[in-house]
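These notes are about the structure you will find just below.
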Amino acid sequence: MFLGKVVGTVWATRKDEELVGMKFQIVKHVGVDYSLKETFVVAVDTVQAGVGDVVLVCSGSSARQTALTKNKPVDAVIMAVVDKLDVSD
Amino acid sequence: MFLGKVVGTVWATRKDEELVGMKFQIVKHVGVDYSLKETFVVAVDTVQAGVGDVVLVCSGSSARQTALTKNKPVDAVIMAVVDKLDVSD
Amino acid sequence: MFLGKVVGTVWATRKDEELVGMKFQIVKHVGVDYSLKETFVVAVDTVQAGVGDVVLVCSGSSARQTALTKNKPVDAVIMAVVDKLDVSD
Amino acid sequence: MFLGKVVGTVWATRKDEELVGMKFQIVKHVGVDYSLKETFVVAVDTVQAGVGDVVLVCSGSSARQTALTKNKPVDAVIMAVVDKLDVSD
Amino acid sequence: MFLGKVVGTVWATRKDEELVGMKFQIVKHVGVDYSLKETFVVAVDTVQAGVGDVVLVCSGSSARQTALTKNKPVDAVIMAVVDKLDVSD
């Protein structure tokens with residue numbers, strides 16, 4: 001999984017019919033100090049994450065292992081909202 | 001998913017027979033400000049996206065989770081046309 | 001697999017219910033000389049790896065091939081703790 | 001899929017028995033102007049592509065969705081020879 | 001697949017029980033001129049490749065399509081030892 005921060009939302013009316021009702025969030029990569037990177041992905045939200053939340057994003061076929069995304073054309077999913085990090089390096 | 005812009009089309013007569021009838025679009029990566037990156041992928045269109053459209057592209061095995069691409073040798077699919085982005089970072 | 005070092009832990013109360021009880025470790029990439037890179041992933045621990053341990057991380061669908069992660073939305077798993085490397089290049 | 005150019009062939013006698021008879025081509029990434037990049041992959045040919053051909057390469061589990069590569073340890077396959085590109089960016 | 005060179009071995013006593021008996025080789029990426037890159041992966045050997053051998057590595061779910069790695073938490077496998085390359089670019 002990668003650590004990211006929700007910075008916005010994608011609106012798309014014309015889409016695969018399997019995707020109706022899903023929320024597409026824009027998630028920028030962040031460092032372990034929560035510093036924002038420039039790179040981002042668009043991920044389906046499964047935990048009601050909002051803008052500003054630090055989250056974990058799961059990618060690839062594993063992104064389809066939630067009740068919401070099963071068998072859907074989705075390759076990234078927000079599956080946790082981060083409370084805090086313990087880091088010692 | 002990644003955010004991209006359709007910039008062209010690939011023509012290929014000689015191909016795996018499972019791919020006949022599919023439209024292969026060239027999709028460049030874009031930033032959240034729609035700035036064009038140099039990197040691109042070739043993705044199968046499932047939503048009649050045209051040149052100039054900003055789109056979402058789904059990659060990997062998830063790209064086979066549409067009616068058109070099921071069990072086909074396809075690793076990237078356009079599954080939504082973007083109307084707008086709400087971004088606040 | 002990639003070679004990494006556990007540098008911390010992610011705490012997340014709000015998450016997909018399939019993930020309850022899993023430990024999410026922050027794993028930085030390391031070189032063959034154990035030098036720490038800046039890049040990292042968050043991986044589910046299956047071998048009781050602790051902070052400071054050098055580990056192997058398995059990614060993608062293969063990360064779901066353990067008893068703990070089967071059919072779960074997990075795309076990275078720590079599946080070995082490294083004792084030593086023999087390197088001659 | 002990515003756009004590439006076949007620049008050579010890999011010869012390997014000692015290999016997984018499932019791979020006997022396959023042709024392994026060296027494919028460099030190319031830009032939309034057909035400029036050669038330094039990066040490359042080794043892909044199994046399914047469309048009799050030759051050196052100098054511009055091709056589409058499909059990666060990951062989708063590379064196993066051809067008659068030749070089904071259930072084989074192959075993660076990249078040439079599934080189309082490109083005739084031309086229409087690009088307007 | 002990517003082209004690599006075996007430069008060493010990983011020793012790991014504490015690991016997922018499905019991995020007992022496997023040999024984990026350190027494989028650096030090489031160019032088409034066999035020049036060593038700095039990047040590397042750890043791959044399970046299925047063809048008795050030794051240090052110094054130039055090999056092909058298969059990644060992702062395709063790495064589980066060998067008799068040795070089926071259903072195992074393994075995301076990279078050495079599936080061929082390279083005899084020679086024919087390159088003309």
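Residues in region D:72-81 that are among the aliphatic types (A, V, I, L, M) and facing another protein chain (nearest Cβ under 7 Å) were compared, and the one that is surrounded by the fewest Cβ atoms within 10 Å (Cβ to Cβ) is D:Val81.
The numbered conditions (1) more than 7 Å from every other protein chain (Cβ to nearest Cβ); (2) exposed (fewer than 13 other Cβ atoms within 10 Å of the Cβ) are all true for B:Thr13 except (1).
Is there a residue being without any contact (Cβ under 8 Å) to a residue 40 or more places away in the chain and within 11 Å of chain A (Cβ to nearest Cβ) anywhere in region C:45-54? No, because not a single residue in region C:45-54 is without any contact (Cβ under 8 Å) to a residue 40 or more places away in the chain and within 11 Å of chain A (Cβ to nearest Cβ). Inclusion of A:Thr66 among residues that are among the polar types (S, T, N, Q) and surrounded by fewer than 20 Cβ atoms within 10 Å (Cβ to Cβ) is not warranted.
Out of D:Val30, D:Val87, one residue alone is open to solvent by less than 10 Å² (accessible area, probe 1.4 Å), farther than 28 Å from E:Arg64 by Cβ, modelled with pLDDT of 95 or more and more than 12 Å from the chain's Cα centre (by Cα). It is D:Val30. Would you check if there is a residue in region D:59-71 being at pLDDT 95 or above and over 26 Å from E:Asn71 (Cβ atoms)? No, region D:59-71 contains no residue that is at pLDDT 95 or above and over 26 Å from E:Asn71 (Cβ atoms).
Residues checked against (1) open to solvent by less than 10 Å² (accessible area, probe 1.4 Å); (2) touching a His at 6+ places or on another chain (Cβ under 8 Å); (3) closer than 18 Å to B:Val27 by Cβ:
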site: D:Leu3; (1), (2), (3): yes, yes, yes
site: D:Gly8; (1), (2), (3): yes, no, no
site: D:Val20; (1), (2), (3): no, no, no
site: D:Gly52; (1), (2), (3): no, no, no
site: D:Leu56; (1), (2), (3): yes, no, yes
site: D:Asp83; (1), (2), (3): no, no, no
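Against the numbered list (1) more than 27 Å from C:Val47 (Cβ to Cβ); (2) within 9 Å of the chain's Cα centre (by Cα); (3) at the interface with chain D (Cβ under 8 Å from one of its Cβ atoms), E:Lys5 comes up short only at (3). The set of residues in region E:16-44 being among the aromatic types (Phe, Trp, Tyr) and facing chain C (nearest Cβ under 9 Å) consists of E:Phe24, E:Phe40.
The values are calculated or read from the model by the stated rules, or taken from the named source; none is laboratory data. Please read all numbers here as calculations on a predicted model, not as lab measurements. When we count neighbours, we look across all protein chains shown, and the Cβ atoms used for this are built from the backbone with ideal geometry, even at glycine. With ligands, DNA and RNA removed, areas are computed over all heavy atoms of the protein, side chains included. Shrake-Rupley method; radii C 1.70, N 1.55, O 1.52, S 1.80 Å.
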